[in-house]
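What follows draws every value from the coordinates through simple rules; no lab data is involved. Small disclaimer: the values here were computed from a predicted structure and weren't measured. So basically every Cβ, Gly included, is an ideal-geometry build from the backbone, and we count neighbours across all protein chains shown.
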There are 2 protein chains.
Amino acid sequence: MCQLLGMNCNVPTDIVFSLTGFQQRGGRTDDHGDGWGIAFFEGKGCRVFLDPSPAAHSPVAAFVRNYPIRSLNVIAHIRKATRGPIALENTHPFIRELWGRYWIFAHNGTLDHYEAPRGQRFRPVGSTDSEAAFCDLLETLERRIPGGTEDDDVVSEAIAGWASQVARCGAFNFLLSDGRRLYAHCSNRLCYIERAAPFTVARLVDADVEIDFSQVTTPDDRVAVIATTPLTNNEVWTPLAANEFAVFEDGRRVMREQRWKT
Amino acid sequence: MCQLLGMNCNVPTDIVFSLTGFQQRGGRTDDHGDGWGIAFFEGKGCRVFLDPSPAAHSPVAAFVRNYPIRSLNVIAHIRKATRGPIALENTHPFIRELWGRYWIFAHNGTLDHYEAPRGQRFRPVGSTDSEAAFCDLLETLERRIPGGTEDDDVVSEAIAGWASQVARCGAFNFLLSDGRRLYAHCSNRLCYIERAAPFTVARLVDADVEIDFSQVTTPDDRVAVIATTPLTNNEVWTPLAANEFAVFEDGRRVMREQRWKT
């Protein structure tokens, strides 16, 4: 199974600590050696680093780990190829532009019974079911909300509705961001943590590394981290339930009370 | 003025030698310190490395220089900001997907009298005239060739026609690629070289570096390099004329005899 990692913050934050543990899962502490990628939103811009080689041995991964990019929204993915051969064009996360914003998507699971409708506007470049689903999402958003909207709740509702449909076709754990919010859908394995003051020491599961967040934060900082399985072993992570959809903004989960139309 | 660099080959080739000289122009041997970027096609996939800081001092640039990516089509750009502030979203090259392929675009010059029509499908994320023009190009291609075509000559004709129109609005030196061909349009400064057997020694203008291509090539290799000004001082570069449009495929210029409809 692939591994997902997301971060959503209220101040630009580097993800080096989480990434240090996460990257170990790409061929060292776990069996996900079929490429990896990470996307950082910086303002309206977005940087995507991709490598079809295993994360644990990737020169791109080593570079990113030593080059702290401060970002409000980050999505990373380590691939265990199921659909589509190991190739750059099949490496997550995927990027597209809609409504003058970049959108980033990464998926974990296999959509066994899913066939994406052929898009008019967005087409997959590679051969994964994941990229096909992403293109279908963007087609759906533009059809339901032509030209876009500044109301992020409307967008969130539309994404949730679409996700609940596609999730019927297989395992659909995904992370998605437009640089404003970070969206997470869980089929069978995804959890998150919201860190805020008072910050404490966190210790990685996958590497002998710990960090005292109180030394590197201010009292107003808020950071949400979402991952396939907990990255630290001395903090409480909240598991998402099957078919649960979560929306993060400014480092905290929002729209909690929402009953998604499923 | 910004600096452009492109490479088009018949076998995957690394661009480290050309890049070594080119990057010096980003804040060291020339005054273009407002960010830089490079895109590499690898199969159908594409990797884009961007940095809003000067190329000559960029850790991303150092990484890319030491990490030889073999590619058939590369586009790089060093920015001297004229339109749009220094920001990641204004850093070239830009990427979009059309017809299930990635397209990469970088521009040098200022389009003083150009206002891109508001696109239905492609919208700029940043505030440069360059990205607006790129979006307009993709809208134009989809309108003229709905759904795309496998005939690259038809696509080349459409791009040439569009470029000649936009070039009336200002300085429009650009490089464009869909991973199959590399397109170059010259308003006032762009030149190229086609390297083929017998390969010889080349010496950079901007750095005290030379390479003996005969040691790193096979007799069938063909590489075309396109740049704002010559990168080497012991080879003959061919300048493009004002309003000249050039198409490169498999490391050589094609459609030379074409009379572009201008």
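Given the C-alpha centroids of the stretch A:63-127 and the stretch A:148-186, what is the distance between them in whole angstrom? Their Cα centres are 14 Å away from one another.
Of the trypsin sites (Lys or Arg not before Pro) found in the stretch B:167-262, those that fall in a DSSP loop while having at most 11 other beta-carbon atoms within 10 Å are B:R256, B:R259, B:K261. Here the scattering of the stretch B:3-254 is modelled by Debye summation over its C-alpha atoms, one equal scatterer each and no solvent; at q = 0.10, 0.12 Å⁻¹ the log10 of I(q)/I(0) is -0.43, -0.64.
Label-to-label distances for B:V11 across copies, nearest first, come out at 5.4 nm, using points 7 Å from Cα in the beta-carbon direction. Across chain A, the mean sequence separation of Cα contacts (distance under 8 Å, 6 or more residues apart), normalised by length, yields a relative contact order of 22 percent. Overall, the ratio between the Cα radius of gyration of the protein assembly as shown and 2.2 N^0.38 Å, rounded to two decimals, is 0.97.
When each of the peptides B:86-93, B:63-70 is scored by how many other beta carbons lie within 10 Å of its residues on average, the order from highest to lowest is B:86-93, B:63-70.
The shape of the stretch A:1-150 comes out oblate: with a ≥ b ≥ c from the C-alpha gyration tensor, a/c is at least 1.5 while a/b does not beat b/c. Taking other residues whose beta carbon is less than 11 angstrom from the beta carbon of B:V60, and scoring Lys, Arg as +1 and Asp, Glu as -1, yields +1.
Packing order of peptides B:111-124, A:225-238, A:71-84, highest average first: A:71-84, A:225-238, B:111-124 (average count of other Cβ atoms within 10 Å over each peptide's residues).
Segment B:T149..B:R70, full-extension length gain: 25.7 nm, with 0.36 nm per residue of separation and the alpha-carbon distance subtracted. With the label put 7 angstrom out from Cα along the Cα-to-Cβ vector, B:P198 ends up 7.9 nm from the copy partners, going from closest to farthest.
Ascending distances from the A:Q120 label point to its copies in the other chains, with the point 7 Å along the Cα-to-beta-carbon line: 0.7 nm. Evaluate the Kirkwood expression for the hydrodynamic radius of the stretch A:119-262, namely the inverse of the mean inverse distance over all pairs of different C-alpha atoms, and round to one decimal in Å. For the stretch A:119-262, inverting the mean 1/r across all distinct Cα pairs yields 16.8 Å. Using the Cα gyration tensor of the stretch B:187-245, with a ≥ b ≥ c the square roots of its eigenvalues, what is the shape: rounded (a/c below 1.5), prolate (a/b larger than b/c) or oblate (neither)? Since a/c reaches 1.5 but b/c is at least a/b, the shape of the stretch B:187-245 is classed as oblate.
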